[in-house]
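The values are calculated or read from the model by the stated rules, or taken from the named source; none is laboratory data. Because the structure is a prediction, the values reported are computed rather than measured. A quick note on method: Cβ atoms are made from the backbone with ideal geometry, for glycine too, and the neighbour counts reach across all protein chains shown. Each accessible area value is taken on the protein alone, full model and side chains, heavy atoms only, with ligands, DNA and RNA left out. Shrake-Rupley method; radii C 1.70, N 1.55, O 1.52, S 1.80 Å.
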Amino acid sequence: MESNNGSSNGHLPEDKASPPTDDPASDPSCSCTFSSGMKKRMICTKQMPTRPARSINNVPHMSFDENFRFNHFSCSLCNGYFGPCYGEPVCATCHAFVYPVDPGPMFFFSEKGDDGDSGNDEPSDMGPERNANQNNQGPPPPDPDDEPRELVPIPPPNVPISLPKQLELLCNHREEGDNITAGLVDNLPPEVLLTLFSYLDDLSLWTCAYVCKRWRHLLMSNISDADWEKYTLLRWPLFRQIYFVDDWFRTYGVMLTSAPCRTCVQQMSAQSVPPGEENSWRRNRLKMELKTLRTDPPEGIEAIPLDVKCCHWQATIRGPADSPYAGGLFYLYLQVPYSYPMSPPTVRFVTRIFHPNVSRHGDVGIDSIQHNWSLALTLSKVLISIQSLLTDPYCQVCMEPEIGSLYKQDRKMFENIARAWTWRYAMHDALKPHKDPPFH
């Protein structure tokens with residue numbers, strides 16, 4: 001239904017230029033030609049015999065083995081109705097509709113009564129005079145005890161395409177054939193290509209490096225390893241390796257390909273602040289939670305805000321020792337709306353994990369952030385609940401029913417796949433990438 005072949009009209013959109021998850025070098029969409037020997041070697045490596053797959057009895061359409069991976073041939077939500085997904089679990093249109101960039105509108109409705117009280121203000125023991133003074137003071141001054149965060153001195157990445165823009169692209173599609181001479185892109189001089197590359201963000205630059213050998217050579221010659229280090233720390237500020245990194249481009253690549261959805265990675269680090277003003281209750285609540293996370297964090301959990309208004313957070317969860325996720329460091333993306341703590345945050349994994357309560361897109365299926373949200377819950381308690389879920393999955397209601405069936409019927413196979421995924425996607429802080437980048 002969809003086609004992953006390269007564009008022959010010289011237009012290289014970001015999604016179509018993205019390499020496959022397994023091996024970016026084997027993408028046949030490159031506009032330049034490779035040596036036949038290299039192609040034969042790559043084909044031979046993919047035809048190696050593997051262990052026979054084992055299928056679940058009540059789920060005959062999906063089989064599992066130690067090398068299991070999701071095949072995203074079409075969007076998991078619309079099944080390709082709104083367009084191809086280019087190897088991602090969700091297409092661009094469904095992602096803009098279901099997972100918007102902004103954490104959501106403000107759900108506080110200030111319907112004040114005769115006494116001027118809406119009932120939404122934070123209760124205080126200091127009397128009504130203190131509350132009136134606080135309302136007239138405006139935003140509180142910054143706390144001198146708060147430690148300033150060191151930000152990478154480069155501009156933030158591009159914001160993903162919004163839903164209205166995506167719908168406009170669908171309605172006003174381009175006609176086939178742009179009357180562009182074949183091979184025009186291949187014959188562009190290096191000066192023109194470098195000028196075009198200067199308008200791209202880090203994710204697009206990394207994608208362009210996998211288009212062909214010529215583009216890769218230009219990028220590697222003009223973008224230093226220190227720049228790729230800045231790009232990596234901008235996307236994953238909690239990344240702290242225990243080894244010496246001698247190739248940050250490779251590290252950036254393994255971190256990006258370990259994410260289930262690249263749009264979520266772009267969304268997480270875009271630092272898009274929604275319109276409106278936050279209330280003092282939310283600001284004070286998040287300030288106390290952040291102070292607690294810094295001074296007394298839960299074991300194996302870390303979280304930091306990525307923007308000024310604390311709408312976007314990045315968190316890490318260390319896999320429990322008594323689980324197949326032991327040793328893994330899983331990154332999560334949290335969106336905290338302006339209505340917090342009245343409304344729950346949105347939590348998604350940005351590290352691939354094989355778990356029945358985590359969807360292939362990274363969505364977490366727990367009651368505490370769905371219909372059983374309580375004001376007593378905090379961000380740290382939510383992360384603790386997710387960490388405990390790694391030890392004891394809840395298979396009565398699953399985000400991935402096939403994985404839940406595997407967990408109940410063949411626990412050993414489930415643990416083997418979960419452990420293999422942990423080693424492959426969640427141990428980049430401890431295991432140095434041993435594979436050289438393609439085209440070397």
Pairwise FRET efficiency - Ser198 versus Asp296, Cβ, R0 = 41 Å, nearest 0.05: 0.35
Positive dipole terminus of segment 323-440, leading residue within His434, Leu377, Val358 (C-beta point charges): His434
Percent accessible area from carbon and sulfur atoms, segment 266-426, protein chains only, probe 1.4 Å: 53
Nonlocal amide H pairs with His312, under 5 Å, H built at 1.01 Å: Leu306, Asp307, Val336
FRET E, pair Cys395, Val308, Förster distance 41 Å, beta-carbon r, rounded to 0.05: 0.50
Cβ-based charge dipole, segment 266-426, positive-most Cα from Gly300, Val273, Tyr325: Val273
